[in-house]
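Below you'll find the structure, written out as structure tokens, and then a few comments.
The values are calculated or read from the model by the stated rules, or taken from the named source; none is laboratory data. Just so we're clear, the structure is a prediction, and the values are computed from it rather than from any experiment. Ideal geometry is used to build each Cβ from the backbone, glycine not excepted, and the neighbour counts take in all protein chains shown. Heavy atoms of the whole protein, side chains included, go into the accessibility calculation; ligands, DNA and RNA do not. Shrake-Rupley method; radii C 1.70, N 1.55, O 1.52, S 1.80 Å.
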Amino acid sequence: MITMNKVSKHYGSFQVLTDCTTQVHKGEVIVVCGPSGSGKSTLIKCVNGLEPFQSGEIIVNGVSVGDPKTNLSKLRSTVGMVFQNFELFPHMSIIDNLAIAQTKVLARTQEQAREKGFKLLDRVGLRAQAEKYPGQLSGGQQQRVAIARALAMDPICMLFDEPTSALDPEMVNEVLDVMTELAQEGMTMMCVTHEMGFAKRVASRVIFMDQGRIVEDDSKEAFFDHARSERAQQFLAKILHH
Amino acid sequence: MHEFDWSSIPNALPFLWDGMKISLEITLSAVVFGIVWGTLLALMRLSSVTPLSWFAAAYVNLFRAIPLVMVLLWFFLIVPHLLESLFGFPRGSDMRLSSAIAGFALFEAAYYSEIIRAGIQSVPKGQMGAASALGMTYGQAMRLVVLPQAFRNMVPLLLTQGIILFQDTSLVYVSALADFFGAAYKVGDRDGRLVELLLFAGAVYFVICFTASRIVRHYQNKLKTA
């Protein structure tokens, strides 16, 4: 479903990504981890073209992201994305946040969009908050709304960019629960996250990045039990033993 | 010691009111056109298309470096002639009001565009990212997500600029247009009561502008606590 082939990116002389190659198959859940500044977020943002890259190619569902002839807006409407800082639209009610792209991008009617929105809010347990504004919700609730907003577009896969990093600890689980449920339903997912418990529970594969390179790309068992690179071993030692 | 005699004011009120209507008409039209054109300029300035951003930057810097009264004079003296020769407008038709409005709108757009550009930049970048990620085009994301938030933050500044504009409309006296200030001056000149009429006009400007900026400040405080 997602194929990356030797993707490289630099800002001026600073190399952010170097020859990143991997594949995500339908129904797989890939967890991308690594120290900060290793290029995880940049990599995942390249998948839907939010970050341009200079060389290599990314194919999403048969469409080349880097091709200038590609209609990026159309491609993005099929790929859901959840951000670290939620990025709900603060000037719209929750239900309008869920409906706006459905009506403006997918040309659904207002009734269809709202109905779909209510259904998804139900699913993330926030139906009662539909008429409120994002500022009135807790971080965990906002992130669940953000997931619902992405799902409202009926995406073929979902990208998560550190979805729990900006949350208070007690709100992390409500978001991870929604993500776990999604994974169990067979959604194809690529998640940048430090939540190793989540990775152990639901990941099909773990990608470990360091200094812009994919250092490990292995099944979660192989990664957690005997990571090959020293860098990944150090990272795991730090993140798991505290 | 000058002896004040206010008696010519009551009779002149209808005439002064006509002048006030012209002042308000110029203010409102220039604010509306200025904001629309200013928004386009701001979008051009922020655009990645070099000729567009270059044009907008040149426009803004040019108009901000020229005194308003000169722009008004140009529009009063030169533009009507241009229109006459280019489009065959009847010679001597009174275009003072429309040329004054055009002059103000084009001039104010330069100031509005800077306010609007700052407003757009004050919206977190992630908002554009989130809108794009949902499949919105650049235009949709701007129109539905970024600009509404930008304008909500900018309303106090835009209104304050509108109040300044209202005061500046008195500069149309250079084209002998009877706005409120022009009307007051004419009445005072006719009746030999210039000091009284100018004091009166000043008081009216003060009351209007002071009240308006109080309202703006009230709104601003409400925005802060919201």
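Go through (1) open to solvent by less than 10 Å² (accessible area, probe 1.4 Å); (2) closer than 22 Å to residue A:160 by Cα one by one and return the number of the condition residue B:104 breaks. The single condition residue B:104 does not satisfy is (2). Among the residues making up segment A:106-148, a single one is polar (S, T, N, Q), within 13 Å of chain B (Cβ to nearest Cβ) and open to solvent by 40 Å² or more (accessible area, probe 1.4 Å): A:136.
Checking each residue in segment B:197-214 for being over 18 Å from the mean Cα position of the chain (by Cα) and either at pLDDT below 90 or of a type in the set (A, V, I, L, M, F, W, C) (or both) picks out B:197, B:198, B:199, B:200, B:201, B:203, B:204, B:207. Total residues in segment B:180-190 satisfying the condition of being open to solvent by less than 60 Å² (accessible area, probe 1.4 Å) and either over 24 Å from the mean Cα position of the chain (by Cα) or not hydrophobic (A, V, I, L, M, F, W, C) (or both): the figure is 3. Counting only residues that are farther than 17 Å from residue A:16 by Cβ and in contact (Cβ under 8 Å) with a residue 40 or more places away in the chain, segment A:196-207 holds 8 of them.
Tell me the helices (runs of 4 or more DSSP H) entirely within segment A:29-108 that contain at least 3 residues that are without any contact (Cβ under 8 Å) to a residue 24 or more places away in the chain. Explain how you work it out, then say what you get.
Values: elements: A:40-47, A:72-76, A:94-104.
Correct list: A:94-104.
Listed conditions (1) modelled with pLDDT of 95 or more; (2) within 21 Å of residue A:214 (Cβ to Cβ); (3) more than 17 Å from the chain's Cα centre (by Cα) are all met by residue A:94, apart from (2).
Of all residue pairs spaced 6 or more apart or on separate chains, those with beta-carbon atoms under 7 Å, a first member in segment B:186-214 that is touching a residue at least 60 places away in the same chain (Cβ under 8 Å) and a second member that is surrounded by fewer than 12 Cβ atoms within 10 Å (Cβ to Cβ) and not hydroxyl-bearing (Ser, Thr, Tyr) are B:195/B:2; B:196/B:4; B:196/B:6.
What do you reckon, is residue A:216 open to solvent by less than 10 Å² (accessible area, probe 1.4 Å), among the charged types (D, E, K, R) and more than 14 Å from chain B (Cβ to nearest Cβ)? Yes: the conditions hold for residue A:216. Look at segment B:145-165: where a residue is free of Cβ contacts under 8 Å to residues at least 12 places away in the same chain and a partner is open to solvent by 20 Å² or more (accessible area, probe 1.4 Å), sitting 6+ places away or on another chain with Cβ atoms under 6 Å, you get B:148/A:91. Only strands (runs of 3 or more DSSP E) whose full extent lies in segment A:137-242 are considered here, and the ones with at least 1 residues that are at pLDDT below 95 and hydroxyl-bearing (Ser, Thr, Tyr) are A:213-219.
For residue A:203, the criteria (1) within 14 Å of chain B (Cβ to nearest Cβ); (2) farther than 26 Å from residue A:77 by Cβ; (3) under 14 Å from the mean Cα position of the chain (by Cα) hold in every case but one, which is (1). Looking across A:225, A:210, one residue alone is without any contact (Cβ under 8 Å) to a residue 60 or more places away in the chain and of a type outside the set (Phe, Trp, Tyr). It is A:225. Checking the stated criteria, residue A:27 turns out not to satisfy the condition of being open to solvent by less than 20 Å² (accessible area, probe 1.4 Å), within 19 Å of the chain's Cα centre (by Cα) and at positive phi. The residue that is nearest to residue A:178 (Cα to Cα), counting only those in segment A:79-105 that are of a type outside the set (A, V, I, L, M, F, W, C) and open to solvent by less than 20 Å² (accessible area, probe 1.4 Å), is A:80. Look at residue B:125 and say whether it is among the basic types (Lys, Arg) and either closer than 30 Å to residue A:106 by Cβ or surrounded by 14 or more Cβ atoms within 10 Å (Cβ to Cβ) (or both). Yes, satisfied.
Rundown of residues vs (1) under 18 Å from residue B:172 (Cβ atoms); (2) away from every other protein chain (no Cβ under 14 Å); (3) in contact with a strand residue (DSSP E or B) (Cβ under 8 Å, 6 or more places away or on another chain), yes/no style:
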position	(1), (2), (3)
B:98	yes, yes, no
B:103	yes, yes, no
B:107	yes, yes, no
B:113	no, yes, no
B:123	no, no, no
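One residue stands out in segment B:128-145 among those that are more than 8 Å from chain A (Cβ to nearest Cβ) and surrounded by fewer than 22 Cβ atoms within 10 Å (Cβ to Cβ): the one that is nearest to residue A:85 (Cα to Cα), namely B:128. Determine whether residue A:55 is at the interface with chain B (Cβ under 10 Å from one of its Cβ atoms) and under 27 Å from residue A:212 (Cα atoms). Here the answer is no, as residue A:55 does not meet what is asked. Looking across segment B:153-179, just one residue is buried (at least 20 other Cβ atoms within 10 Å of the Cβ) and acidic (Asp, Glu), and that is B:179.
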